[in-house]
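Novice: Please find one structure pasted underneath; my questions will follow.
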Amino acid sequence: MVCRTIETVLLLLVLGGSELRYQASGAHLLRSFDEMVLECAELMSITPCKLAMIRSGVMVPDGETKCLIRCVGVSGRFWSDHAGLRRSLLAQYFVTDPANTGHANRTDACLKELPALAPNAQACCDMAYESFLCFYYNYGNLRQDCLFVPLDHLQLQHVTARCMDVHQITTQQLMSLGEDAMDANDNVHCLVRCIGIQTGVYTDREGVNMERLYAQYGEGYCEEEFKRQGAECICRQRELAYGSPCKRAYHLLYKCFENVRNVISAYELPDSGGD
């Protein structure tokens, strides 16, 4: 797959990285559901009594509880007031019972009964809460471990700027490169590798982490198709001889997932420029 414009190349690179919690292996974010509940409770001044009820599984359907759940959804990237629920990301916070084969169908039926998303603050809290309850009562039990949280636009910009600084690449230099020049430029290859490592979607040892890559870039795509096409492309790219870790990362990430990043660019960049 090839890029259509140098501007698109720049935008997709800008959307490649981020940080909140620094770790030895990079700047990606791992959080548990309970951590996000505690954070949102603090930000929203939820009383200790109400917080204890929520953490024990008592979901009182009042405005405070509903907006707390929305806050958790925004933090975990499984809720957006613009796009609504991202089901695959919410589902990862639950452990299903293998013997309970009807959990997915019951959850789907529950979600289908919900009204359309309305453009006002309380309606968004209501929908986020009701969507969560569909999973909470039908899909499985909440997990306690930490999971990968997709990175937002500002976080991605932060790490991209850091990687550009590390590899001494300027915006002007990127914009001056054509497709063939990028394919031959070692600094660009290392920039893509840096972004992949920092965001947790790539390592030299394991290659592409498909689960995280789908979480980060797969919104709006069929999960099965996204992963199948990505795996097929990675398989083809692995047959090539690269000669350096940077060039390998560039081909596995840039060549196989460029179209996905282009779509994300078109979706996220309008939000970055002020209304």
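Novice: Give me Rg/Rg_expected for the range 27-66, where Rg uses Cα atoms only and Rg_expected = 2.2 N^0.38 Å with N residues. Numbers along the way, then the final one.
Specialist: Working: Rg = 11.1 Å, N = 40, 2.2 N^0.38 = 8.9 Å.
In units of the globular-protein estimate, the range 27-66 measures up at 1.24.
Novice: Hey, what do the phi angles of the range 122-135 turn into as Karplus ³J(HN,Hα) couplings, whole Hz, using 6.51/-1.76/1.60 and θ = phi - 60°, x for Gly and Pro?
Specialist: With coefficients 6.51, -1.76 and 1.60, one gets 5, 4, 5, 4, 4, 5, 4, 5, 5, 5, 4, 4, 4, 6 Hz.
Novice: In Å², what does the accessible area per residue of the range 30-148 work out to with a 1.4 Å probe? Let's see the in-between values first.
Specialist: On the way: 5930 Å² over 119 residues.
Counting only protein heavy atoms, the per-residue value for the range 30-148 is 50 Å².
Novice: Where does the range 153-266 land on Rg/Rh, using Cα atoms and the Kirkwood Rh?
Specialist: Values: Rg = 13.7 Å, Rh = 14.6 Å.
Reported Rg/Rh (Cα atoms, Kirkwood Rh): 0.94.
Novice: Using 10 Å bins from zero, what percent of all Cα-Cα pairs in the range 23-114 falls into each bin?
Specialist: 13, 39, 36, 11, 0
Novice: Now for a separate question. Which residues' amide hydrogens lie under 5 Å from the amide hydrogen of residue 209, considering only partners 5 or more residues apart or on another chain, with H built in the peptide plane?
Specialist: Counting only residues 5 or more places away or on other chains, the set is 202, 203.
Novice: Any idea of the accessible area per residue across the range 153-266, 1.4 Å probe, to the nearest Å²?
Specialist: Working: 5690 Å² over 114 residues.
For the range 153-266, the per-residue accessible area is 50 Å².
Novice: What ranking do 212-223, 90-101, 192-203 get when scored by the average of other Cβ atoms within 10 Å per residue, highest first?
Specialist: On the way: 212-223: 19.4, 90-101: 14.0, 192-203: 24.8.
Going from most to least packed, we get 192-203, 212-223, 90-101.
Novice: Please list the non-local residues whose amide H lies under 5 Å from the amide H of residue 86, H modeled 1.01 Å from N, same-chain partners needing a gap of 5 or more.
Specialist: Placed amide hydrogens put 79, 80 under 5 Å from residue 86.
Novice: Separate question: Using modelled amide H (1.01 Å from N, peptide plane; none on Pro or chain starts), what sits under 5 Å from the amide H of residue 95, excluding residues fewer than 5 places away?
Specialist: Here the answer is 141, 142, 143, since their amide H atoms fall under 5 Å of that of residue 95.
The values are calculated or read from the model by the stated rules, or taken from the named source; none is laboratory data. Just so it is clear, the structure is predicted and the values come from calculations on it, not from any experiment. Quick reminder, even Gly has a Cβ in these numbers, built from the backbone with ideal geometry, and neighbours come from all protein chains shown. Just so you know, the surface numbers come from the protein's heavy atoms only, side chains and all, with ligands and any DNA or RNA stripped out. Shrake-Rupley method; radii C 1.70, N 1.55, O 1.52, S 1.80 Å.
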